[in-house]
Amino acid sequence: MTGPRTDSRPLLASTAGRGRPLRAVPEHAMAGDITALRAETQVAALGVDDWPEYGSLEWLKLNPSDPRCYAATLEAAELHRRAEAERRRLDDLMDNDPEAWWREITADATAYAARRGPVIAARRTAEERRIAAARASHRPTHQLRATPGWPPIAIPGQPGRYLTFRQE
């Protein structure tokens with residue numbers, strides 16, 4: 001699939017001055033940095049600006065001698081190298097500092113919980129909703145009062161007894 005690069009894909013294209021020949025290795029470069037620079041240099045040497053994603057139908061249709069085929073392969077190899085380096089880093093961190101490893105792998109969930117926590121805490125719990133419903137349906141008993149001009153009121157639980165205005 002051709003098109004603009006996405007954030008998840010490494011920048012290997014030679015457009016906008018990104019590609020440069022690798023003549024010397026920067027002083028404090030690590031092995032992974034040198035590998036990424038080498039991939040950039042190779043893509044710059046191919047002179048391609050756009051290529052399909054490795055393994056896509058468009059990539060499969062390319063002639064094996066097409067430089068875009070090699071650029072896509074380089075990009076896939078670089079993505080794989082970065083993913084493996086990250087996996088090894090996390091494995092090493094888990095072995096040597098489990099608390100730091102746990103903080104790192106749960107950082108996104110912790111940040112999400114920090115954002116959503118106040119909203120969730122403001123909601124009423126099921127228990128609070130049950131109590132509110134019970135209070136609404138169980139009002140205190142009404143005190144019967146006879147009023148002038150109204151007929152006598154039957155007293156509940158006492159058959160034959162009535163409350164009349166004169167009795168008050």
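The values are calculated or read from the model by the stated rules, or taken from the named source; none is laboratory data. Computed from a prediction, not measured in an experiment: that's the story for all the values here. Cβ coordinates were reconstructed from backbone atoms using ideal geometry, including for glycine residues, and neighbour counts include every protein chain displayed. All accessible areas refer to the heavy atoms of the entire protein, side chains included, with ligands and DNA or RNA removed. Shrake-Rupley method; radii C 1.70, N 1.55, O 1.52, S 1.80 Å.
Brief remarks follow.
- Nearest-10 value in Å² for the accessible area of Arg82, using the 1.4 Å probe: 100
- Per-residue packing, averaged as other Cβ atoms within 10 Å, sorts the ranges 37-47, 129-139 into the order 37-47, 129-139, beginning with the highest.
- Accessible-area order (highest first, 1.4 angstrom probe) of the listed residues Ile105, Ile155: Ile105, Ile155
- Rg/Rh (Cα only; Kirkwood hydrodynamic radius) as it applies to segment 81-157: 1.61
- Net length available on complete extension from Asp91 to His138 is 11.0 nm, with 0.36 nm assigned per residue and the Cα-Cα distance removed.
- In the complete set of protein chains, residue-level accessible area for Arg161 is approximately 130 Å², probe 1.4 angstrom.
- Amide proton proximity set for Ala154, modelled H, under 5 Å, gap of 5+: Leu163
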